[in-house]
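Visitor: This is the structure, below, for whatever I ask next.
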Amino acid sequence: MLSQEEFITTDSSYFVYSPSKTALDMFLYPLQCGHFTYLPGYRLVRESFDSFLLLYIQEGALTLQTQEQVQTASRGQFVLLDCYRPHAYSTDVGWSCLWCHFDGITARHWYQNILSRLGNVFAVSDSQYIIGRLTSLLDMFSPGGVIREPLLSKYLTDILTALLLHDPSDEKANAHIHMAEKITAYINEHFAEKLTVSRLASLAGLSDYHFIRIFKKQTGFTPHEYILNTQMNTARYLLKNTALSVKDICFSTGFSCESVFCSAFKRREGLTPAQYRERG
């Protein structure tokens, strides 16, 4: 469903789920989950909302208020919240996030143990793994998706286990997280330029060797693979949604010539750019 709330963009989507009796008795389960972009000026104040909330901030920042304290959460951080208790959050700058309201027979025990280690706002070294599990939850509710409650519970358990295992004292790991996020953001803005490993490593303040090793550990891709993924994702979008020529798309996505672009695209997609566009 698309959101119709004030100060939330109209392309923000969410899903609502009603667990079975079996899930209520046995599992962790999502109640609502989504991908929202909040506009500056958004504010929510609640006395109670029967669930726990996990969100990952992709861009921007929010101010979180609980009975204990007021905190700021920003890009690359998670928020874990007991919504059974009074709470509020707002933003002056806007933010976008993946989020999931969840509950279950063991949910409070998970929440209390993670809260005692990490607090309500935190960053973790295995954020890509957790983001992947949150995305998998969302994907299960996509049109035609098959809802398997044991798998929903597993995804939530995987997420909470990763949070519980995170060592907040590991400053080196946290530094690696922020480095990878900084570089992926840079790539997303500059992928059409001639990006080299040395240039990216310099931005990260690391040698080429250590940069490649740490970047792959954090993202699952080498820098070259991540750049190519970004180029191909953009090319696919432009082929399907614009009238730009293949040549124009080639240069706007950072390839040196049309033949190199077409060869790379066919290796990845099994089709030439023209065939991909015609397929509809």
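Visitor: Find, to one decimal place in angstroms, the Kirkwood hydrodynamic radius of segment 131-179, where the mean of 1/r is taken over every pair of different Cα atoms and then inverted.
Guide: Averaging 1/r across every pair of different Cα atoms and inverting gives 12.6 Å.
Visitor: Which of rounded, prolate or oblate describes segment 1-124 when judged by the alpha-carbon gyration tensor and an a/c cut-off of 1.5?
Guide: Judged from the Cα gyration tensor, segment 1-124 comes out oblate (a/c at least 1.5, b/c at or above a/b).
Visitor: Can you give the accessible area of residue 278 in Å² (nearest 10), computed on protein heavy atoms with a 1.4 Å probe?
Guide: Using a 1.4 Å probe on the heavy atoms, I get roughly 150 Å².
Visitor: Here's another thing I want to ask about it. How many nm is it between the label spots at residue 257 and residue 157, if each spot is 7 Å from the Cα in line with the beta carbon?
Guide: Distance between label points: 5.6 nm.
Visitor: Let me ask something else. For segment 1-69, what class follows from the C-alpha gyration tensor (a ≥ b ≥ c being the square roots of its eigenvalues): rounded when a/c is under 1.5, otherwise prolate if a/b is larger than b/c, else oblate?
Guide: oblate
Visitor: A follow-up question, please. Which entries of 182/247; 154/266; 154/240; 154/194; 154/216 have Cα-Cα distances beyond 32 Å here?
Guide: Exceeds cut-off: 154/266; 154/240; 154/194.
Visitor: Can you compute log10 of I(q)/I(0) for segment 186-276 with the Debye formula, treating each Cα as one identical point scatterer, at q = 0.13, 0.17, 0.24 Å⁻¹?
Guide: -0.46, -0.73, -1.15
Visitor: Quick one: net charge around residue 210, please, counting Lys, Arg +1 and Asp, Glu -1 for every other residue with C-beta under 13 Å from its C-beta.
Guide: +3
Visitor: Using helices alone, what [θ] at 222 nm do you get for the chain, with -39,500 (n - 2.57) per DSSP H run of 4 or more residues, divided over all residues and rounded to the nearest 500?
Guide: Theoretical 222 nm ellipticity from helices: -15000 deg cm²/dmol.
Visitor: Grab the beta carbon distance between residue 275 and residue 11, set R0 = 35 Å, and tell me the FRET efficiency rounded to 0.05.
Guide: Efficiency computed from Cβ-Cβ geometry: 0.75.
Visitor: Another question, if that's okay. Can you tell me the alpha carbon radius of gyration of segment 186-234 divided by the globular rule-of-thumb value 2.2 N^0.38 Å?
Guide: Compactness ratio reported: 1.06.
Visitor: Mind ranking 200, 228 by accessible surface for me, highest first, 1.4 Å probe?
Guide: Sorted by accessible area, descending: 228, 200.
Visitor: Sticking with this one: Would you mind telling me the share, in percent, of accessible area of segment 36-158 contributed by carbon and sulfur at probe 1.4 angstrom?
Guide: Exposed carbon and sulfur together represent 51 percent of the surface.
Visitor: Simple spin-label model, 7 Å along Cα-to-Cβ: residue 84 to residue 268 in nm?
Guide: About 4.7 nm, to one decimal.
Visitor: Related question: Could you work out the local net charge near residue 83, counting Lys and Arg as +1, Asp and Glu as -1, over the other residues with Cβ closer than 14 Å to its Cβ?
Guide: Spelling it out: positives minus negatives among the neighbours equals -1.
Visitor: By per-residue mean of other Cβ atoms within 10 Å, what is the highest-first order of 44-52, 92-100, 59-67, 25-33?
Guide: Final packing ranking: 25-33, 92-100, 59-67, 44-52.
Visitor: Expressed in nm², what is the orientationally averaged projection area of the convex hull enclosing the Cα positions of segment 238-279?
Guide: The Cα convex hull of segment 238-279, projected and averaged over all directions, gives 2.6 nm².
Visitor: Can you tally the net charge around residue 56? Count Lys and Arg as +1, Asp and Glu as -1, for every other residue whose Cβ sits under 13 Å from the Cβ of residue 56.
Guide: -1
Visitor: Treating the beta-carbon of each Lys and Arg as +1 and of each Asp and Glu as -1, no other charges, what is the dipole magnitude of the chain about its Cα centre, to the nearest 20 debye?
Guide: It works out to roughly 820 debye.
Visitor: Sticking with this one: Can you tell me the accessible area per residue over segment 100-160, all protein chains present, probe 1.4 angstrom, in square angstrom?
Guide: Per-residue value: 44 Å².
Visitor: Taking square-rooted eigenvalues a ≥ b ≥ c of the alpha carbon gyration tensor, is segment 138-223 rounded, prolate or oblate, where a/c under 1.5 means rounded and, failing that, a/b exceeding b/c means prolate?
Guide: oblate
Visitor: How much space per residue, in cubic angstrom, does the convex hull of the C-alpha atoms of the chain take up?
Guide: Hull volume normalised by residue count: 155 Å³.
Visitor: Could I ask something else about it? Which whole-percent values make up P(r) of segment 40-108 when all C-alpha to C-alpha distances are grouped in 5 Å steps starting at zero?
Guide: Taking every Cα pair in segment 40-108, the percentages come to 4, 17, 27, 27, 17, 6, 1, 0.
The values are calculated or read from the model by the stated rules, or taken from the named source; none is laboratory data. Small disclaimer: the values here were computed from a predicted structure and weren't measured. FYI the Cβ positions are ideal-geometry reconstructions off the backbone, even for glycines, and counts take in every protein chain you see. Only protein heavy atoms, including side chains, enter the accessible area calculation; ligands, DNA and RNA are left aside. Shrake-Rupley method; radii C 1.70, N 1.55, O 1.52, S 1.80 Å.
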